[in-house]
Amino acid sequence: MRNDIESLRIISALGIVWFHSGNLPGREIAYGGLIFFIIISSYFATISNRQNKPLERIKRLIVPCLIWTIPYSLLNFVRLGQICPENYSFVSCIFSTPSPHLWYLPYMCIVLILIDRAKLIFSQSTLGLFSGAMAVILMMLFTTVIKICLLAS
């Protein structure tokens, strides 16, 4: 285990906790912790020699998302009388789950499956460029879809 990577993961986790702790100073900077997790996950998927199947990625990322969706759904139903916040459409509720911070898991599942498939197509030298471009495109697409869904509701 590399101590430098583990240290960056800890700093990133603290940034995410800081971001979710309310309107503390530097909140925008703390959001960088999430960006680092996206970058580091993509990087390790790119350099790994392991052949991951889509079902393995789904089990690792979507199953925990679904498991956490259950208590958040129940909590929202008890507190709000509905599963998703009022301003969510059905589609935005599916994409971001009843708790908006869970969006990371389905997003990373899609990104990692695409990287796994790209590793079968591209050479190692062009894979990094492809992975970075796909991560940016998917982040913009996912953000746009959620904004459209929120506006439609």
Among 145, 120, 16, whose Cα lies farthest out toward the positive end of the dipole of the chain, if unit charges sit on the beta carbon of Lys, Arg (+1) and Asp, Glu (-1)?
120
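What number does the chain give for Rg over Rh if you use C-alpha atoms and the Kirkwood radius? Present the calculation step by step, with values, prior to reporting the outcome.
Numbers: Rg = 16.9 Å, Rh = 17.1 Å.
Expressed as Rg/Rh, it is 0.99.
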With axes computed from alpha carbons, what is the tilt in degrees of helix 32-47 against the longest principal axis of the chain, rounded to the nearest 10 within 0 to 90?
40 degrees
Only loop residues by DSSP count here, and only those with at most 15 other Cβ atoms within 10 Å; note down the chymotrypsin sites (Phe, Trp or Tyr not before Pro) in the range 1-86 that meet that.
31
Using a probe radius of 1.4 Å on heavy atoms only, what accessible surface per residue do you get for the range 83-153? Whole Å² is fine.
56 Å²
For the chain, set up a GNM with springs between Cα atoms under 10 Å and report which of 92, 21, 42 has the largest fluctuation.
21
For n ≥ 4 DSSP H runs only, could you compute -39500 (n - 2.57) per run for the chain, divide by its residues and tell me the 222 nm figure to the nearest 500?
-24000 deg cm²/dmol
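Mind checking the full-extension length gain between residue 75 and residue 31? Use 0.36 nm per residue of separation minus the Cα-Cα distance, one decimal, nm.
Values: separation 44, 0.36 × 44 = 15.84 nm, distance 2.53 nm.
Using 0.36 nm per residue and subtracting the Cα-Cα distance, I get 13.3 nm.
How much length would be gained if the chain were fully extended between residue 43 and residue 14, taking 0.36 nm per residue of separation minus their Cα-Cα distance, in nm to one decimal?
Numbers: separation 29, 0.36 × 29 = 10.44 nm, distance 2.06 nm.
Difference between extended and current length: 8.4 nm.
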Using only Cα atoms, find the angle between the long axis of helix 124-152 and the longest principal axis of the chain, and express it within 0 to 90 degrees, rounded to the nearest 10.
10 degrees
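To the nearest 20 debye, what is the magnitude of the charge dipole of the chain about its Cα centre, counting +1 on the Cβ of each Lys and Arg and -1 on the Cβ of each Asp and Glu?
Details: 12 positive and 6 negative charges, 69 e Å.
The calculation lands at about 340 debye.
The values are calculated or read from the model by the stated rules, or taken from the named source; none is laboratory data. Because the structure is predicted, anything quoted here is derived from the model rather than measured. Positions of Cβ are generated from backbone atoms using ideal geometry, with glycine treated the same way; all protein chains shown enter the neighbour counts. Surface accessibility is based on the protein's heavy atoms, side chains included, excluding ligands, DNA and RNA. Shrake-Rupley method; radii C 1.70, N 1.55, O 1.52, S 1.80 Å.
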